[in-house]
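To start, the structure under review is shown below, and the notes come after it.
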């Protein structure tokens, strides 16, 4: 396998992992058609531990937002919790469109 194909396969694996969890898909879909978005407790299932002000679910703060930011799909301000599209977001947009059109959660 050529180096280019290995890079493409690795990128695809990273993107599939990013959209595997429902919360991460919800975050990525939330910024699909808007410049910026801020998660709130009311947008996610109840029973989660809130963090910060404005409050967001702790698992978003400690797990999902950092993961998406690390791979460049989002940019996340940890103080205000505003989320914008990251430099790699356009690479995952076709996958999101496919999931949105073909998968009923």
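The values are calculated or read from the model by the stated rules, or taken from the named source; none is laboratory data. Note that the structure is predicted; figures quoted are calculated from it, not measured. FYI the Cβ positions are ideal-geometry reconstructions off the backbone, even for glycines, and counts take in every protein chain you see.
For segment 1-44, filtering for residues that are in contact (Cβ under 8 Å) with a residue 12 or more places away in the chain and assigned to a loop (DSSP other than H, G, I, E, B) leaves 8. Take the conditions (1) within 16 Å of residue 37 (Cα to Cα); (2) under 10 Å from the mean Cα position of the chain (by Cα); residue 71 misses just one of them, which is (1). Scanning segment 33-44 for residues that are at pLDDT 90 or above and surrounded by 15 or more Cβ atoms within 10 Å (Cβ to Cβ) turns up just one, 37. The number of residues in segment 53-85 being assigned to a loop (DSSP other than H, G, I, E, B), modelled with pLDDT under 90 and touching a strand residue (DSSP E or B) at 6+ places or on another chain (Cβ under 6 Å) comes to 1.
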